[in-house]
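> Structure provided below as C-alpha cells; questions to follow.
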Amino acid sequence: MDVPWQFRPATRADAAVLAGLERRCFSDPWPANAFTSALHAPHMQLFVAEAGLEIVGYFVGRAVAGEGEILNLAVVPEQRGQGLGRWLLEEGLTRLRQAGVGEVFLEVRASNAAARALYRARGFREVGRRREYYRHPVEDALVLRLGLAPA
C-alpha cells in the first residue's frame, strides 16, 4: 500500500517548525527548545512525517533500560483522519522495539477521544491517572501501557 508520507529523522533545523506545529495541535505546547533538547538527548526517537517537503506530523519517544515512553505524537489538523497518526504510532513502536523496549507508556488527556481510540485500537490499556497533569486547560492524564514482543 502506497502512503503519501515519508518518514525521516528530525534535525535541529526542524525544531522551530515542530514548535509551530505543536502550537497548532496542542493547547499546552512544547517550546522549540524542548525539541532541540530532545534531538540531543540520549535514547530519544524523534522523527517527522512529510508530505512532499512539508512536515505534517512527528513522533517523540524515549527508550531506556527496556522501557519506552511516547512523549509526543502529533498530526497537523488538515491531515487528521487519513491514517497518519496510526502510521506514526506504528513506526515509533517499531523503532522503540528495535531499541530493546519491552513495554511502552504514555500519557494522554482524558478528553482526547481520538487519541485514546488510536491507542486503544493498538492495544494500549489504561494503568493509571495523573490528576491535573495538564495545565492549559487543567485536566487529568490517563497513563496507558502496551507490552511489545521482542524485535
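The values are calculated or read from the model by the stated rules, or taken from the named source; none is laboratory data. All of these numbers come straight from a predicted model, not from anything done at the bench. Here the Cβ positions follow ideal geometry from the backbone for every residue, glycine too, while neighbour counts run over all protein chains shown.
> Test VAL104 against the stated conditions and say whether it is closer than 30 Å to GLU132 by Cβ, modelled with pLDDT of 95 or more and part of a strand (DSSP E or B).
Working: closer than 30 Å to GLU132 by Cβ: yes; modelled with pLDDT of 95 or more: yes; part of a strand (DSSP E or B): yes.
So VAL104 passes the test.
> Related question: Within region 64-72, can one find any residue that is β-branched (Val, Ile, Thr), within 15 Å of GLN6 (Cα to Cα) and touching a helix residue (DSSP H, G or I) at 6+ places or on another chain (Cβ under 8 Å)? Give the steps one after another, and end with the answer.
First pass over region 64-72, keeping only residues β-branched (Val, Ile, Thr): 64, 70.
Adding the requirement that they be within 15 Å of GLN6 (Cα to Cα) leaves none.
No, every residue in region 64-72 fails to be β-branched (Val, Ile, Thr), within 15 Å of GLN6 (Cα to Cα) and touching a helix residue (DSSP H, G or I) at 6+ places or on another chain (Cβ under 8 Å).
> How many of the residues making up region 57-69 are within 8 Å of the chain's Cα centre (by Cα) and either over 17 Å from THR36 (Cα atoms) or at pLDDT below 95 (or both)?
Of region 57-69, the ones within 8 Å of the chain's Cα centre (by Cα) are 58-61.
Among the residues that remain, those that are also either over 17 Å from THR36 (Cα atoms) or at pLDDT below 95 (or both) are: none.
Adding up the residues that qualify gives 0.
> Given the criteria closer than 22 Å to SER111 by Cβ, buried (at least 17 other Cβ atoms within 10 Å of the Cβ), out of contact with any Gly (no Cβ under 6 Å at 6 or more places or on another chain) and of a type outside the set (Val, Ile, Thr), does LEU46 qualify?
On the way: closer than 22 Å to SER111 by Cβ: no; buried (at least 17 other Cβ atoms within 10 Å of the Cβ): yes; out of contact with any Gly (no Cβ under 6 Å at 6 or more places or on another chain): yes; of a type outside the set (Val, Ile, Thr): yes.
It is false that LEU46 is closer than 22 Å to SER111 by Cβ, buried (at least 17 other Cβ atoms within 10 Å of the Cβ), out of contact with any Gly (no Cβ under 6 Å at 6 or more places or on another chain) and of a type outside the set (Val, Ile, Thr).
> Specify which of the listed residues (ARG62, ARG131) is surrounded by fewer than 13 Cβ atoms within 10 Å (Cβ to Cβ), basic (Lys, Arg) and part of a strand (DSSP E or B). It would help to see each step written out before you state the result.
Details: ARG62 fails: surrounded by fewer than 13 Cβ atoms within 10 Å (Cβ to Cβ).
That would be ARG131, the only listed residue that is surrounded by fewer than 13 Cβ atoms within 10 Å (Cβ to Cβ), basic (Lys, Arg) and part of a strand (DSSP E or B).
Rundown of residues vs (1) surrounded by 18 or more Cβ atoms within 10 Å (Cβ to Cβ); (2) farther than 18 Å from PHE59 by Cα; (3) in contact with a strand residue (DSSP E or B) (Cβ under 6 Å, 6 or more places away or on another chain), yes/no style:
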residue	(1), (2), (3)
LEU73	yes, no, yes
GLU78	no, no, no
ARG86	no, no, no
GLN98	no, no, no
VAL104	yes, no, yes
ARG109	yes, no, yes
ALA114	no, no, no
GLU126	no, yes, yes
LEU146	yes, no, yes
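> I would also like to ask the following. Quick one: count up the residues across region 22-44 that are in contact (Cβ under 8 Å) with a residue 40 or more places away in the chain and either touching a Pro at 6+ places or on another chain (Cβ under 9 Å) or hydroxyl-bearing (Ser, Thr, Tyr) (or both). Quick ask: steps written out before the conclusion?
Of region 22-44, the ones in contact (Cβ under 8 Å) with a residue 40 or more places away in the chain are 22, 24-28, 30, 43.
If we keep only those that are either touching a Pro at 6+ places or on another chain (Cβ under 9 Å) or hydroxyl-bearing (Ser, Thr, Tyr) (or both) as well, we get 22, 24-25, 27-28.
Here the count works out to 5.
> Next up: Restrict the check to region 47-57 and report whether at least one residue is assigned to a loop (DSSP other than H, G, I, E, B), free of Cβ contacts under 8 Å to residues at least 12 places away in the same chain and either under 23 Å from LEU148 (Cβ atoms) or not charged (D, E, K, R) (or both).
Within region 47-57, the first condition is being assigned to a loop (DSSP other than H, G, I, E, B), and the residues that meet it are 52-53.
This time we only want the ones that are free of Cβ contacts under 8 Å to residues at least 12 places away in the same chain, so: 52-53.
Now narrow it down to the ones that are either under 23 Å from LEU148 (Cβ atoms) or not charged (D, E, K, R) (or both): 52-53.
Scanning region 47-57, I find at least one residue that is assigned to a loop (DSSP other than H, G, I, E, B), free of Cβ contacts under 8 Å to residues at least 12 places away in the same chain and either under 23 Å from LEU148 (Cβ atoms) or not charged (D, E, K, R) (or both), so the answer is yes.
> I would also like to ask the following. If I filter region 91-130 down to residues being of a type in the set (Asp, Glu) and in contact (Cβ under 8 Å) with a residue 24 or more places away in the chain, which single residue comes out as farthest from PRO150 (Cα to Cα)? I'd like the intermediate steps shown before the answer.
Taking region 91-130 and keeping what is of a type in the set (Asp, Glu), we get 91, 103, 107, 126.
After this cut, where a residue has to be in contact (Cβ under 8 Å) with a residue 24 or more places away in the chain as well, the list is 91, 103, 107.
On the way: GLU91: 15, GLU103: 10, GLU107: 23 Å.
Top of the filtered list is GLU107.
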